[in-house]
Each structure stands twice: as structure tokens, then as C-alpha cells.
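A short worksheet on the structure shown next.
The values are calculated or read from the model by the stated rules, or taken from the named source; none is laboratory data. Computed from a prediction, not measured in an experiment: that's the story for all the values here. In this analysis, Cβ positions are derived from the backbone assuming ideal geometry, glycine residues included, and neighbour counts consider all displayed protein chains. Side chains included, ligands, DNA and RNA excluded: accessible areas come from the protein's heavy atoms. Shrake-Rupley method; radii C 1.70, N 1.55, O 1.52, S 1.80 Å.
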Amino acid sequence: MKKILCILFIAVAFTGCKQEPTVLKSASTIVSNSIKHAKGLEIYRYGGYTLVMVTNPWPDSKEVFTYVMQKKKNAVIPDKFKKFPIIQVPLKTIVVTSTTHIPSLEMLGAENTLIGFPDMNFISSEKTRARIDAGMVKEVGKNEQLNTEVLLDLNPDALVGFSISSHNKTMDNLVQSGMKVLYNGDWNEQSPLGKAEWIKFFGALYDQEAKADELFAKIEKEYNDALALAQKAKAKPTVLCGAIYQNQWYMPQGGSWGALFLKDAGADYLWAGSEGTGSLSLSLETVLDRAENADFWIGPSQYTSLKDMTDANPHYTQFKSFKDKQVYSSSNKKGKTGGLIYYELANNRPDLVLKDLIAILHPELLPGYQLQFFERLK
């Protein structure tokens, strides 16, 4: 998780729907994919089991991971599905490896099943931190180097991991040792609702699919209501993102998660036309030429005050948004051990992120709104 956080930090402090759904046949039953927004996840629900397909676990993946969630011990699994890992649900114990997984467990009321996590200081949730402090969750190393001995000793019903490529020796070794390893690709989604829909992945793990559907439907409605509100704005303020790291200015590309939030919030993100879903790498001169007079600066990397910014690079003072003190960051709001609340919760609650941005860019639309993630730098 640390590597992913570093990449996100450098790019910006906050930084589609599928086509026609496919169908699978089992005996005489035809089942449609129940996922609407996530591009890397498909879920097919049958009578006694659910088929979960992770189709985009990492960028440009050529692999598809399929898991069978068996709801009843006597459920009949078709022969063609028996080649896939079969997991008895609901899970009694689990190890997850990203802070983005924690809110899903808590929203489903399954946080008590968590028994292991890497880099536990990144976890901000007070509820899960209480379990950590009570010794109920074990440290399992670093995400790039999970402690296989500790994991095998814990022997969870399943380990939910992620990988940035097909080369993950640790995960391969755990699979060979008999552990149920499931890849989660929520971090690889770009659309805000696409990321949030991965709660349905966890709903399948706990045989709480109806609850996961209900939770996501509420988030989806809140997001769409906020989107409709943003469309009432009379102007589109210009926005700059990112900051300098090792002499290069990093900011989100036009198709990225962060850029899509700005679009939905009614912003004129000055690099919205750039292609790609990652981050741009630009010179200070290039950024200054286009964004010197930007109205807002959102997500200035890890900085938590205007002084921190000028101490790092006095050229930041040349931007109008800096002079006007219209710089907003999510880096100030942290858990008690230093984990950023935004990186933990924003995936699951894009509706709150969108409302934050609307309140910043169009305060007249949300009078009196209290920001959840962002803070105006002083």
C-alpha cells in the first residue's frame, strides 16, 4: 500500500460505465453481470454460489481471476467452475492489504473478521484502530514483502491483496501454500462510482450482497444528486492541481480519477484535455504559463500549509490561487497514527468527495457545508 500511496501523493492529493453486460450460463440458468460502473469487476449470482471475476487487477492486465463464493456447503458447483478457487462464505477471518478495503468491511459490519494487515499505521478508522490497539489485528509485514510465516500462522479464510503487475512472488507463494488469495482491483478503477462499487466484491465475500447493493445504491444516488447540483453552477472556475517533486510538476491526466471528480464538480481543470489515466510530468515553466491565473489550486501534493509550500519552492507564490489563499489539500486530516483519512475513505464515499469540491468551487450551492476531506491551507 505504501508504494501506491507514494505515487498518489506525488501526483495529487486527490488525485465509465461498462458497455452491454455480459452473461454466463450455468446449466439452464442465465445470469447477468450485476456490476454497472466498475470496469475491472464482474459478479454473477446463482442460487447457492456467486461467481466473482476480477478482470483488470492491475494496469494493462492480460489475466482474469475468477473466484467461486459458495454460500452453502451442499451447493452444487458446475464442473466448469470447479477449476477456480472455491471460497466458503461468509468469511470468518480475513487479511486485507489496502486501507481502501477497511471502509467496506466496516460498512458491512464485518470489521471483526479482520485479523491481519500490513503497515497498520496507515489505518485511520477509529473503530478498526481500537481492534488493533487491543491486539486483535496482527502486523503482516509490508505489502511488497508480506510476512508469509505470520500469514500462514494466522491462516485466514481469505487474503485480499493487490498487485501492480503480474509479477508478485509473495502472492504466488501463498497460493502454492494453499491460502485463498483474492486480487482486488479497486485502485485501478478511474471513475468515482466505479471505485465505490467494489463494496459489492466484499458483499460477495460475506454473503451480504443485498446489503452491499443497498449501500452502493445510496452512495450512487447521493453522488448523482450532487452532480445535478453542480450543473446548476453559473461559472466554471479554473483549477490547478499537483506540485513539484524532484524538479517535475506532477498532476492528474484528464481521464484520471481526480480529474473526473473536478469535471463532475463543475470545474475547468486546465489539463482536462490531456489523455491518459495516470499523472502528467511537466516543467514549472509549462505549468506557470497555463495556470498562473487559475482560480483554485486543489491537491498540492503532501503540503499542509502555505509556508510549507514556499519553504519547498518560492515559485509557488507566483500563482494567483496561492496569492488569494485558494489552495485546498486533503493532507491535513489524518488518523491518530498518521494515515490520511482521504486515502482510506474516499474510494468508498465519492459522494462526499464531490460535495467537498462543489462546496469549494461553488460555495453558493452548498451554504454552510462542512468539508469532509479537504481543508483550505493557511
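Miscellaneous remarks
- A single member of Gly273, Gly254, Gly266, Gly278 is at pLDDT 95 or above and either in contact with a strand residue (DSSP E or B) (Cβ under 9 Å, 6 or more places away or on another chain) or of a type in the set (Phe, Trp, Tyr) (or both), and it is Gly254.
- The set of residues from the range 147-178 being modelled with pLDDT of 90 or more and among the β-branched types (Val, Ile, Thr) comprises Thr148, Val150, Val160, Val175.
- Of all residues in the range 146-166, those that are more than 23 Å from Gly203 (Cα to Cα) have Cβ atoms under 7 Å from Cβ atoms of residues that are open to solvent by 40 Å² or more (accessible area, probe 1.4 Å) and not in a helix (DSSP H, G or I), 6 or more apart or on another chain, in Val150/Lys138; Leu152/Ser177; Ser166/Glu63.
- Scanning the range 307-327 for residues that are open to solvent by 20 Å² or more (accessible area, probe 1.4 Å), outside any loop (DSSP other than H, G, I, E, B) and under 18 Å from Phe374 (Cα atoms) turns up Lys307, Asp308, Phe322.
- On the stretch given as the range 328-343, residues that are open to solvent by less than 10 Å² (accessible area, probe 1.4 Å) and assigned to a helix (DSSP H, G or I) total 1.
- Checking the range 162-178 against the condition returns no match, with no residue being within 22 Å of Glu111 (Cβ to Cβ) and outside any loop (DSSP other than H, G, I, E, B).
- Every listed requirement among (1) more than 22 Å from the chain's Cα centre (by Cα); (2) over 15 Å from Leu352 (Cα atoms) is met by Glu275 save one, (1).
- Restricting the range 270-294 to residues that are farther than 26 Å from Leu340 by Cα and touching a Ser or Thr at 6+ places or on another chain (Cβ under 7 Å), the residue that is surrounded by the fewest Cβ atoms within 10 Å (Cβ to Cβ) is Leu270.
- Annotation: of all residues in the range 181-197 being assigned to a loop (DSSP other than H, G, I, E, B) and out of contact with any His (no Cβ under 9 Å at 6 or more places or on another chain), the one that is surrounded by the fewest Cβ atoms within 10 Å (Cβ to Cβ) is Gln190.
- Here the range 278-294 is the region considered, the condition is being outside any helix (DSSP H, G or I) and polar (S, T, N, Q), and the residue that is farthest from the chain's Cα centre (by Cα) is Asn293.
Let's see how each residue does on (1) closer than 19 Å to Ile358 by Cα; (2) under 23 Å from the mean Cα position of the chain (by Cα):
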site: Ile219; (1), (2): yes, yes
site: Glu222; (1), (2): yes, yes
site: Leu227; (1), (2): yes, yes
site: Thr238; (1), (2): yes, no
site: Ile244; (1), (2): no, no
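- Looking across the range 281-319, just one residue is closer than 23 Å to Pro237 by Cβ and modelled with pLDDT under 95, and that is Ser301.
- Across the range 357-378, the number of residues qualifying as among the basic types (Lys, Arg) and touching a strand residue (DSSP E or B) at 6+ places or on another chain (Cβ under 7 Å) comes to 1.
- In the range 32-45, the residues that are open to solvent by less than 20 Å² (accessible area, probe 1.4 Å) and modelled with pLDDT of 95 or more: Ile35, Ala38, Gly40, Leu41, Ile43, Tyr44
- Candidate set: the range 157-180, residues that are more than 14 Å from Gln88 (Cα to Cα) and among the charged types (D, E, K, R); chosen: the one least open to solvent (accessible area, probe 1.4 Å): Asp172
A quick yes/no check of all residues on (1) touching a Lys or Arg at 6+ places or on another chain (Cβ under 9 Å); (2) more than 19 Å from Arg290 (Cα to Cα):
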residue	(1), (2)
Ala312	no, yes
Phe319	no, no
Val327	yes, no
Ser331	no, yes
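- With a requirement of 1 or more residues that are open to solvent by 30 Å² or more (accessible area, probe 1.4 Å), modelled with pLDDT of 95 or more and farther than 23 Å from Lys39 by Cβ, the strands (runs of 3 or more DSSP E) lying completely within the range 52-111 that satisfy it span 86-88.
- Being out of contact with any strand residue (DSSP E or B) (no Cβ under 6 Å at 6 or more places or on another chain), more than 17 Å from Asn347 (Cβ to Cβ) and surrounded by fewer than 22 Cβ atoms within 10 Å (Cβ to Cβ) is a property that Val150 has.
- Asp351 being part of a helix (DSSP H, G or I) and either touching a Phe, Trp or Tyr at 6+ places or on another chain (Cβ under 7 Å) or open to solvent by less than 50 Å² (accessible area, probe 1.4 Å) (or both): yes
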